Amino acid sequence: MTAQTTQHMIETHGLTKAFTARKRTVEAVRGLDLTVAPGELVALLGPNGAGKSTTLRMLTTLIAPTSGTARVAGYDVATQPQQVRRAIGYIGQGNGAGHNQRGRDELVSHGLAYGMSKASARSRADELVDSLDLTQVADRKVSSLSGGQRRRLDIAMGLIHAPALLFLDEPSTGLDPQNRANLQEHVVALRERYGTTVVLTTHYLDEADSLAERVVVIDHGRLVADDTPARLKADHAGDRITLAFDEVVDAANAAARIVRGHGDAEVEHAEREVVVRVASGARLAPAMLVDLQDAGLPARSVEVARPTLDDVFLNLTGRSLREGHTADQPATDQLDPIGVSA
Amino acid sequence: MSTATLTPTLTAPSNLARDTAIVFGRELRPVLRDPFSVVFSMIQPLVFLGLFAPLLGNVPGLSGGALQWFVPGIVVMSCLFGASMTGSNLLFEMQTGSHERTLVTPMRRSALLMGRALKEIVPVLVQAVIVIAVVVPFSFELHVAGTVVGLLMLSVFCVGLGSLSYALALAAKGADWIFWTVQQTFLFPILLLAGMLLPVDSAPGWLQTASRLNPLTYVVDAERALFAGSFDGSTVAAGFVAAAFVCALGLLVGGRAMRAAD
């Protein structure tokens with residue numbers, strides 16, 4: 001299916017969605033302006049409730065915007081929902097395949113739903129079953145499949161009509177690390193092979209970081225940043241140097257000395273530890289250590305961490321994305337230490 | 001591989017009949033794959049047939065004998081049970097996410113409802129055949145022409161009832177307890193007031209009035225006439241009017257609920 005000739009795959013202006021519950025109106029998405037070019041792989045990143053899924057549901061015609069406009073694949077979501085639906089694939093948070101159906105049956109009827117002939121829906125289903133490693137389970141009842149298998153079936157359903165634009169809403173939530181990696185590989189391969197435009201939402205920092213070329217950070221329904229992961233980190237968060245000292249007083253003196261020496265650095269000091277946030281921290285650290293040594297304040301240990309997208313989010317919003325996170329994502333997972341010495 | 005080679009052949013433009021057929025086929029497939037599920041949903045009607053019908057032996061006012069009077073009622077009952085519960089399938093698919101997936105396809109919203117509702121006819125007909133097969137050896141007198149017309153009427157009724165059940169599932173927004181509370185609250189009064197289990201002829205006046213306001217009463221009366229081979233004009237006509245009314249109401253309410261899901 002070819003999209004109507006268009007410069008942008010997605011173009012929104014002032015896209016807003018307000019929900020009214022018990023006479024209180026809550027704006028889930030507030031005036032979102034977003035453009036996505038054909039072939040891009042974009043991650044919408046934000047905490048739960050930031051408005052990512054609501055945005056996706058408007059772009060996929062599942063809910064109508066309260067105000068603002070959105071064109072998807074060249075068509076207006078409000079006035080041409082039918083055309084939008086033909087052009088896009090959508091993999092929601094739940095399971096697309098009915099639990100009392102068989103996987104292959106669902107793929108075929110999903111293909112028919114997009115106007116494919118029975119023969120082409122069948123051969124396309126076979127192809128997807130093959131490429132998503134579902135051969136063993138495609139003719140079993142969906143309810144008997146494992147979570148990872150069901151998720152791969154969802155992906156196959158989203159791809160049945162070879163959409164030019166694919167939306168994935170929290171694709172890896174509930175998957176174990178191995179299945180998450182597997183799913184990410186499929187998304188990358190899909191894009192390399194077919195040039196599909198991919199828009200996904202996630203609250204997994206590492207997923208946005210490793211998968212997407214472009215990260216759109218959303219908080220409280222607003223776009224707060226939009227760039228490559230590398231540029232976001234360079235612009236919005238410095239490296240983090242953590243210095244430990246033998247005495248509290250040494251740490252205090254060292255903090256004061258660093259503040260004098262590096263006006264652009266953010267310095268925090270607690271107990272025997274000093275945390276310095278500064279651009280190019282990895283390059284500055286050796287000289288900083290020598291300087292402190294000369295001043296009679298030798299550090300006992302030092303750790304330099306590259307910024308993560310969480311640091312970016314923290315800087316942009318004053319809150320951590322990891323707050324309220326469950327134990328399956330220990331904080332250390334997201335640190336990326338590049339140098340630890342004693 | 002280039003994008004072009006991937007483009008699948010799209011043969012048909014979206015149209016209501018094709019979309020309805022796709023939904024119908026999808027809904028029917030689990031039944032065909034597992035035909036026993038139809039029999040399973042019949043356990044209750046069969047229990048009534050086996051354990052309740054014998055109690056009717058000495059009840060006065062049952063035209064043509066207890067079995068002849070009771071069987072049409074039990075056929076309507078299996079339709080009533082099956083079609084009123086069918087919304088739970090949609091409810092489950094709303095919870096798992098597969099209903100949402102059908103909403104992002106270009107299929108017509110009304111087809112999503114009609115395909116599902118039309119599928120209700122299949123188990124109703126299969127169940128009617130099973131009930132009749134069970135009772136014929138017990139000297140049940142089968143009138144083929146009347147029975148065929150009766151099942152046609154019942155099909156119209158159950159499309160409407162199935163649609164109402166789907167509308168209820170959509171209105172419940174995936175909440176099981178709302179669906180089952182409302183379904184159970186309506187099911188038994190409608191069943192009892194229709195004179196399905198016992199005749200309402202000797203009931204108090206207020207109950208007879210309530211019975212006359214119940215569309216199902218007219219369907220049950222007409223089924224009894226037709227199963228007995230009588231094509232009594234006004235009774236059969238009233239049954240068809242009532243079935244058509246429920247069908248139109250169901251498609252209207254259900255179609256509206258499905259479109260509101262946008």
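Observations, loosely collected:
- Note on the range B:92-135: residues that are within 12 Å of another protein chain (Cβ to nearest Cβ), assigned to a helix (DSSP H, G or I) and either out of contact with any helix residue (DSSP H, G or I) (no Cβ under 6 Å at 6 or more places or on another chain) or β-branched (V, I, T) (or both) amount to 9.
- Residue that is nearest to B:T20 (Cα to Cα), among those in the range A:111-126 that are more than 7 Å from every other protein chain (Cβ to nearest Cβ) and surrounded by fewer than 17 Cβ atoms within 10 Å (Cβ to Cβ): A:K118
- Odd one out for A:L134, checked against (1) more than 15 Å from the chain's Cα centre (by Cα); (2) more than 14 Å from chain B (Cβ to nearest Cβ); (3) closer than 25 Å to A:T35 by Cα: (3)
Yes or no, residue by residue, for (1) away from chain B (no Cβ under 14 Å); (2) buried (at least 19 other Cβ atoms within 10 Å of the Cβ); (3) outside any strand (DSSP E or B):
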site	(1), (2), (3)
A:H13	yes, no, no
A:F19	no, no, no
A:A28	yes, yes, no
A:D33	yes, no, no
A:A43	yes, yes, no
A:A64	no, no, yes
A:Q82	no, no, yes
A:G89	no, yes, no
A:S109	no, yes, yes
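- Taken over the range B:157-177, the residue count meeting the criterion of being of a type outside the set (D, E, K, R) and surrounded by fewer than 21 Cβ atoms within 10 Å (Cβ to Cβ) is 4.
- Selection of strands (runs of 3 or more DSSP E) fully inside the range A:165-251 by the criterion of at least 3 residues being within 24 Å of A:M9 (Cβ to Cβ) returns A:165-169, A:197-202, A:214-219, A:222-227.
- Looking across the range B:190-208, the residues that are closer than 21 Å to B:S78 by Cα and either in contact with a Gly (Cβ under 6 Å, 6 or more places away or on another chain) or part of a helix (DSSP H, G or I) (or both) come down to B:I190, B:L191, B:L192, B:L193, B:M196, B:P199.
- For the range B:1-87, the helices (runs of 4 or more DSSP H) that sit wholly inside it and include 3 or more residues that are modelled with pLDDT of 85 or more and away from chain A (no Cβ under 14 Å) are B:66-85.
- Among the residues making up the range A:16-29, those that are aliphatic (A, V, I, L, M) and in contact with a Lys or Arg (Cβ under 9 Å, 6 or more places away or on another chain) are A:A18, A:A28, A:V29.
- Within the range A:66-80, the residues that satisfy the criterion of being more than 14 Å from chain B (Cβ to nearest Cβ) and on the phi > 0 side of the Ramachandran plot are A:G68, A:G74.
- Inside the range A:48-62, residues that are more than 11 Å from every other protein chain (Cβ to nearest Cβ), in a loop (DSSP other than H, G, I, E, B) and either surrounded by fewer than 20 Cβ atoms within 10 Å (Cβ to Cβ) or at pLDDT 90 or above (or both) make up a count of 2.
- When the range A:137-160 is filtered for residues that are under 22 Å from the mean Cα position of the chain (by Cα), within 11 Å of chain B (Cβ to nearest Cβ) and not basic (K, R), the ones remaining, listed by number, are A:L153, A:D154, A:M157, A:G158, A:L159.
- Subset of the range B:49-66 [crowded, with 18+ Cβ neighbours inside 10 Å and either basic (K, R) or touching a Gly at 6+ places or on another chain (Cβ under 9 Å) (or both)]: none
Rundown of residues vs (1) within 19 Å of A:E207 (Cβ to Cβ); (2) modelled with pLDDT under 85, yes/no style:
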site	(1), (2)
A:Q149	no, no
A:A156	no, no
A:L166	yes, no
A:E170	yes, no
A:T173	yes, yes
A:P177	yes, yes
A:A181	yes, yes
A:H186	yes, yes
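- Selected residue (only one of B:S163, B:S211, B:S234 is within 15 Å of the chain's Cα centre (by Cα) and assigned to a helix (DSSP H, G or I)): B:S163
- Checked against the criterion of being surrounded by fewer than 23 Cβ atoms within 10 Å (Cβ to Cβ), within 14 Å of chain B (Cβ to nearest Cβ) and over 15 Å from the mean Cα position of the chain (by Cα), the candidates A:E170, A:E192 yield just one match: A:E192.
- Positions within the range A:152-194 being of a type in the set (S, T, Y) and closer than 13 Å to A:G96 by Cβ, in sequence order: none
- Inter-residue pairs, beta-carbon under 8 Å, first more than 7 Å from chain B (Cβ to nearest Cβ) and within 10 Å of B:G97 (Cα to Cα) and in the range A:92-106, second surrounded by fewer than 21 Cβ atoms within 10 Å (Cβ to Cβ) and at pLDDT 90 or above, 6+ apart: none
The values are calculated or read from the model by the stated rules, or taken from the named source; none is laboratory data. Here the structure is a predicted model, which is why all the values come from computation and not from measurement. Here Cβ is always computed from backbone atoms with ideal geometry, including for glycine, and neighbour counts include all displayed protein chains.
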